[in-house]
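Below is one structure, written out as structure tokens, with a few remarks after it.
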Amino acid sequence: MTTYPRPDPRKKPTLLHSAYLSTLKRAPSKPLIQLPPTLSERTGPLYGHNPIGETDNDLTRQHPGEPLGERIIVAGRVLDEDGRPIPRTLVELWQCNAAGRYVHKKDSHAAPLDPNFTGAGRASTDDEGNYRFVTIKPGAYPWRNHSNAWRPAHIHFSLFGPCLITRLITQMYFPNDPLMAHDPIFQSIPDERARERLISSFDLDVTEPEWALGYKFDIVLRGRNATPFEEHS
Ligand SMILES: [Fe+2]
């Protein structure tokens with residue numbers, strides 16, 4: 001029977017974290033039952049129907065004009081628990097624009113949409129597990145979790161894996177953001193070092209002169225240095 005190992009609970013978001021109000025409604029109230037994945041869950045759907053387009057990893061070139069905001073490069077590697085690269089895996093990201101607004105009908109933040117920014121991209125890792133995106137630094141945005149609640153600037157990441165139930169979701173943050181200390185979503189990961197693995201690092205090697213600052217964000221799928229992911233229970 002194929003099973004997928006469960007990560008250390010201290011190194012992933014706590015399912016019931018009272019400061020994060022949505023978890024009060026959705027956290028399971030009974031012990032979880034491990035169900036063996038079915039054949040169709042283990043074998044599909046497979047990524048590959050829609051080839052990655054030329055601008056899919058450059059969120060600043062998906063519209064006629066350039067989006068407003070600070071252009072940045074986000075790059076890193078996808079690695080397994082032994083530091084081996086994961087080649088040719090699909091990395092997707094989504095984010096709000098520089099003003100803190102998502103292109104989403106449920107986003108009612110009083111900040112402008114940018115006609116030149118959708119905020120979604122995807123890339124495949126190369127043979128060494130490297131991925132790279134060009135985008136705009138996302139803004140902080142308010143959410144109604146509690147009075148004066150603001151999400152730190154973040155980018156949502158998805159790694160598809162070989163089939164849908166192996167998909168991993170996480171969020172990348174930026175160094176030295178004062179809002180992380182006040183964010184119940186970031187703080188719902190009990191282990192401080194695990195939280196730090198969600199913070200990208202400013203990197204001069206990723207930075208391009210005269211053009212854009214670069215941030216490095218490596219994603220480790222398993223093991224003691226694993227990146228905290230959201231959907232495992
Ligand atoms: Fe978000």
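Which of the residues spanning the range 147-188 are more than 16 Å from the ligand (Cβ to nearest atom), among the aliphatic types (A, V, I, L, M) and more than 23 Å from residue 120 (Cα to Cα)?
Within the range 147-188, just 181 meets the criteria.
Tell me yes or no: at least one residue of the range 123-146 is more than 24 Å from residue 219 (Cα to Cα), touching a residue at least 60 places away in the same chain (Cβ under 8 Å) and away from the ligand (no atom under 16 Å from the Cβ). Talk me through it step by step, then tell me what you get.
Step one: filter the range 123-146 for residues more than 24 Å from residue 219 (Cα to Cα), giving 141-146.
Checking which are touching a residue at least 60 places away in the same chain (Cβ under 8 Å) leaves us with 145-146.
Checking the rest, the ones that are also away from the ligand (no atom under 16 Å from the Cβ) come to 146.
Yes, some residue in the range 123-146 is more than 24 Å from residue 219 (Cα to Cα), touching a residue at least 60 places away in the same chain (Cβ under 8 Å) and away from the ligand (no atom under 16 Å from the Cβ).
Name the one entry in 196, 230, 210 that is modelled with pLDDT under 95 and over 14 Å from residue 75 (Cα atoms). It would help to see each step written out before you state the result.
Numbers: 196 fails: modelled with pLDDT under 95; 210 fails: modelled with pLDDT under 95.
It is 230.
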Among residues of the range 200-233, those that are open to solvent by less than 20 Å² (accessible area, probe 1.4 Å), in a loop (DSSP other than H, G, I, E, B) and under 18 Å from residue 155 (Cβ atoms), counted:
5
Are any of the residues in the range 145-161 buried (at least 16 other Cβ atoms within 10 Å of the Cβ), within 16 Å of residue 75 (Cβ to Cβ) and of a type in the set (D, E, K, R)?
no
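Can residue 123 be described as among the small types (Gly, Ala, Ser), over 25 Å from residue 9 (Cβ atoms) and either open to solvent by 10 Å² or more (accessible area, probe 1.4 Å) or in a loop (DSSP other than H, G, I, E, B) (or both)?
On the way: among the small types (Gly, Ala, Ser): yes; over 25 Å from residue 9 (Cβ atoms): yes; either open to solvent by 10 Å² or more (accessible area, probe 1.4 Å) or in a loop (DSSP other than H, G, I, E, B) (or both): no.
Taking the combined requirement at face value, the residue does not satisfy it.
Quick one: count up the residues across the range 162-194 that are over 13 Å from residue 228 (Cβ atoms), open to solvent by 70 Å² or more (accessible area, probe 1.4 Å) and among the charged types (D, E, K, R). Break it down stepwise before answering.
First pass over the range 162-194, keeping only residues over 13 Å from residue 228 (Cβ atoms): 162-167, 174-184.
Still in the running and open to solvent by 70 Å² or more (accessible area, probe 1.4 Å): 162, 164, 167, 176, 178, 181-182.
This time we only want the ones that are among the charged types (D, E, K, R), so: 167.
Of the residues in that region, 1 qualify.
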Given the criteria modelled with pLDDT of 95 or more and crowded, with 21+ Cβ neighbours inside 10 Å, does residue 138 qualify?
yes
Can you name the residue in the range 108-120 that is in a loop (DSSP other than H, G, I, E, B) and touching a residue at least 24 places away in the same chain (Cβ under 8 Å) and is also farthest from residue 63 (Cα to Cα) among such residues?
109
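Going through the range 94-110 one residue at a time, which ones are surrounded by 17 or more Cβ atoms within 10 Å (Cβ to Cβ) and among the small types (Gly, Ala, Ser)?
So the first thing to find is which residues in the range 94-110 are surrounded by 17 or more Cβ atoms within 10 Å (Cβ to Cβ), and the list is 94-102.
Hits for the range 94-110 are 98, 99, 100.
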Output for the range 7-58, where each listed residue is touching an Asp or Glu at 6+ places or on another chain (Cβ under 8 Å) and either surrounded by 15 or more Cβ atoms within 10 Å (Cβ to Cβ) or of a type in the set (Val, Ile, Thr) (or both):
11, 12, 13
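Could you count how many residues in the range 147-189 are assigned to a helix (DSSP H, G or I) and either among the acidic types (Asp, Glu) or free of Cβ contacts under 8 Å to residues at least 40 places away in the same chain (or both)? Can you show your working first?
At the first step, the residues of the range 147-189 found to be assigned to a helix (DSSP H, G or I) are 164-166, 178-182, 184-187.
Going one step further and asking which of them are either among the acidic types (Asp, Glu) or free of Cβ contacts under 8 Å to residues at least 40 places away in the same chain (or both), we end up with 178-182, 186.
Qualifying residue count for the region: 6.
The values are calculated or read from the model by the stated rules, or taken from the named source; none is laboratory data. Keep in mind that what you see is a predicted model, and the values were worked out from it rather than measured. Cβ atoms come from the backbone with ideal geometry, glycine included; neighbour counts cover every protein chain shown. All accessible areas refer to the heavy atoms of the entire protein, side chains included, with ligands and DNA or RNA removed. Shrake-Rupley method; radii C 1.70, N 1.55, O 1.52, S 1.80 Å.
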